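Colleague: Pasting a structure below so you can have a look.
No lab work stands behind these numbers, since they all come straight from the coordinates. Everything numeric in this text was worked out from a predicted model, so none of it was measured. Here Cβ is always computed from backbone atoms with ideal geometry, including for glycine, and neighbour counts include all displayed protein chains.
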Amino acid sequence: MPKEGEEEKVFLSSLDEEVREYSEENDLTFYDESSLLAKSAPTHHQVEVRASIKEEEEKEEEDDVAEQRWVNVSAYAPLDPNAVYGMCFSGDPSVTASGSQAREGIVATNFLDFGTKIRIPSLFGDEVLVVEDRMSSRFTNTVDVLVSSKEEAINFGTKHTYIEILTN
C-alpha cells in the first residue's frame, strides 16, 4: 500500500477509449501504454476499474431507452417496381410522409413523431431505425419497416414483438 501522497500504479491489460475516459473522470493519468497512474492515495484494482466501466456502459445503454412497447411489426416496399399504389405507398413512392427520401432504415408508424429513433432488438439487434413515414390510419399499434422488395415484405410477414423507443 502506498504511503500518503505517493502515487499508485494501476496496471490494466489493455487500454481503450472507455478506459481513457474513465481515467479522466476519476483523476487517473496515463503512466505508459499498459498502465494508469493514480493521482491520489486510494488503491484502485484492475477488477474494480473494469467492473465500474462495465456498470457505466450498462447504465448508458439503459438510459437511452425511454420506453419499451409491444407492437405488430410488418414491412413495406414502396421502391419495388412491382409495388401496388395504396398497398405499398400513396403519392410519390420515393418520398416519405416526412419529406425525406425513402431508404432502408426508415419505419412508418402513426403513434410516434417523425424523427423518433427506435430499435427492434428481436428482429434487427442494435440497429437504430428512424420514424419518417406514416401508415393508413387504421393501423394504431403497428410499425412498418421499409425494405427493398415486395417479395421481402411479403416474406417478412407480421410479427408481434417489442420495440425500444430511444431518447433523441
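Colleague: Please list, ordered by chain and number, the residues whose modelled amide H lies under 5 Å from the amide H of VAL95; skip anything fewer than 5 residues away on the same chain.
Modeller: Here the answer is ALA102, since their amide H atoms fall under 5 Å of that of VAL95.
Colleague: What is the sum of charges, Lys and Arg at +1 and Asp and Glu at -1, for the other residues whose Cβ falls under 11 Å from the Cβ of THR109?
Modeller: In short, -2.
Colleague: Amide H neighbours of VAL65 under 5 Å, counting only residues 5+ apart in sequence or on other chains, H built in-plane at 1.01 Å?
Modeller: The list, which skips near neighbours in sequence, is THR167.
Colleague: Given the peptides 102-109, 136-143, 77-84, arrange them by the average over their residues of other C-beta atoms within 10 Å, most packed first.
Modeller: The most tightly packed comes first, giving 102-109, 77-84, 136-143.
Colleague: What FRET efficiency comes out for THR167 versus PHE124 if R0 is 22 angstrom and r is the Cβ-Cβ distance? Round to the nearest 0.05. Don't jump to the answer; show the numbers that get you there.
Modeller: Details: r = 19 Å, r/R0 = 0.84.
So, using R0 = 22 Å, E works out to roughly 0.75.
Colleague: If amide H atoms are built 1.01 Å from N in the plane of the peptide, which residues on other chains or at least 5 residues away come under 5 Å of the amide H of VAL73?
Modeller: VAL143, LYS159, HIS160, THR161
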